[in-house]
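Below is one structure, written out as structure tokens; the observations come after it.
The values are calculated or read from the model by the stated rules, or taken from the named source; none is laboratory data. Owing to the predicted nature of the structure, the values given are computational and were not obtained by experimental measurement. Counting neighbours? That spans all protein chains shown, and the Cβs are built from the backbone with ideal geometry, glycine included. In case anyone asks, the SASA skips ligands and DNA or RNA and just uses the protein heavy atoms, side chains included. Shrake-Rupley method; radii C 1.70, N 1.55, O 1.52, S 1.80 Å.
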Amino acid sequence: MTDALVLTDVRKTYGQREAVHGVSLTVHEGEVFGLIGHNGAGKTTLLRMISTILTITSGKIEVYGRDVAKEGDEVRKLISYLPEDAGAYKDLTGRKYLSFIAELFVSGKEKDEMVQKGVELADLGDKIDFRIDTYSKGMMRRLLIARAIMTSPKLAIMDEVTSGLDVINAYEIREVIRNIAKSGVTVIMSSHNMFEVDMLCDRVGMVDQGNLIDVGTPEELKKKYGKETLEEVFVTAVKGA
Ligand code: ATP
């Protein structure tokens, strides 16, 4: 089994305060891995360190064997990062936005192919040629996921990708993520929605106050804690931590 992502004793300090306390974790190629935890637990900090956006205070992060701290340029070729608050240029159409992003990566025929892949991934029908400021939140999220995946990353990093979406839109985005994983992309994502994590993720990491308190498949965790839902598992794990 290839390791897509390996964190070894990773710490992050903001000023005097340590927000991530020595997290070690391995995510395998092709997995959808979910991080769950309270507000302020450290999920975004972890995802931003993996994405090379935040420096690591100590420890090591490797993406497909590449050291995030030492080989940032190489790592950035392997990943895509979709922050929770990601936006797009609202006066462009969806297609023009995808084209603008694709141009940052490739040109000519390759660019056209990348845009076409983005259009297919977004699956917005004729709305792809509408201005982005006419898009609903769900349409916007589809476009942003398409933007993140059309570049063919090996590791997709997604922070609260369904937050604020209604049931149908969240369901559809989960389908998109499943398909992304089926196509061989490894996904690490954070979510506050335990049902979603249970349905979607192959394995789950529970984060509490900067510590990774447990990791397993949803079924393993439910069995271990003797609970029927991941929500109950999480509450029990946090209280016992
Ligand atoms: P949420 O679910 O609310 O998004 P989270 O699990 O993603 O939370 P982080 O955003 O990683 O949590 O925050 C972890 C801790 O680090 C929090 O205590 C937060 O206040 C702190 N923190 C995050 N970013 C900074 C920063 N730039 N400067 C100082 N402290 C920060």
key: Any pair with Cβ under 7 angstrom, 6 or more apart, that starts in region 42-64 at a residue that is more than 11 Å from K12 (Cβ to Cβ) and part of a strand (DSSP E or B) and ends at one that is acidic (D, E) and modelled with pLDDT of 95 or more   = K60/D67
request  = Collect the residues in region 24-43 that are more than 17 Å from C201 (Cβ to Cβ) and either crowded, with 16+ Cβ neighbours inside 10 Å or modelled with pLDDT under 95 (or both), keeping them in residue-number order.
outcome  = H38, N39, G40, G42
request  = Look at region 122-159 and say how many of its residues are outside any helix (DSSP H, G or I) and either more than 16 Å from the ligand (Cβ to nearest atom) or not charged (D, E, K, R) (or both).
outcome  = 15
task = Kindly state which helices (runs of 4 or more DSSP H) lie completely within region 160-241 and contain at least 3 residues that are β-branched (V, I, T) and open to solvent by less than 10 Å² (accessible area, probe 1.4 Å).
result = 167-182
inquiry  = So, M194, is that one on the phi < 0 side of the Ramachandran plot, within 16 Å of the ligand (Cβ to nearest atom) and among the hydrophobic types (A, V, I, L, M, F, W, C) or not?
reply    = yes
inquiry  = If the requirement is being within 21 Å of the chain's Cα centre (by Cα), open to solvent by 50 Å² or more (accessible area, probe 1.4 Å) and at pLDDT below 95, which of these qualifies: K60, K137, K90?
reply    = K137
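How about region 8-23: which of its residues are open to solvent by less than 20 Å² (accessible area, probe 1.4 Å) and within 20 Å of P83 (Cα to Cα)?
Answer for region 8-23, where residues must be open to solvent by less than 20 Å² (accessible area, probe 1.4 Å) and within 20 Å of P83 (Cα to Cα): K12, A19, V20.
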task = Go through region 63-87 and give me each residue that's open to solvent by less than 20 Å² (accessible area, probe 1.4 Å) and either touching a Phe, Trp or Tyr at 6+ places or on another chain (Cβ under 7 Å) or polar (S, T, N, Q) (or both).
result = S80
query = Mind checking whether some residue in region 189-209 is within 16 Å of the chain's Cα centre (by Cα), without any contact (Cβ under 8 Å) to a residue 40 or more places away in the chain and farther than 18 Å from T229 by Cβ?
reply = no
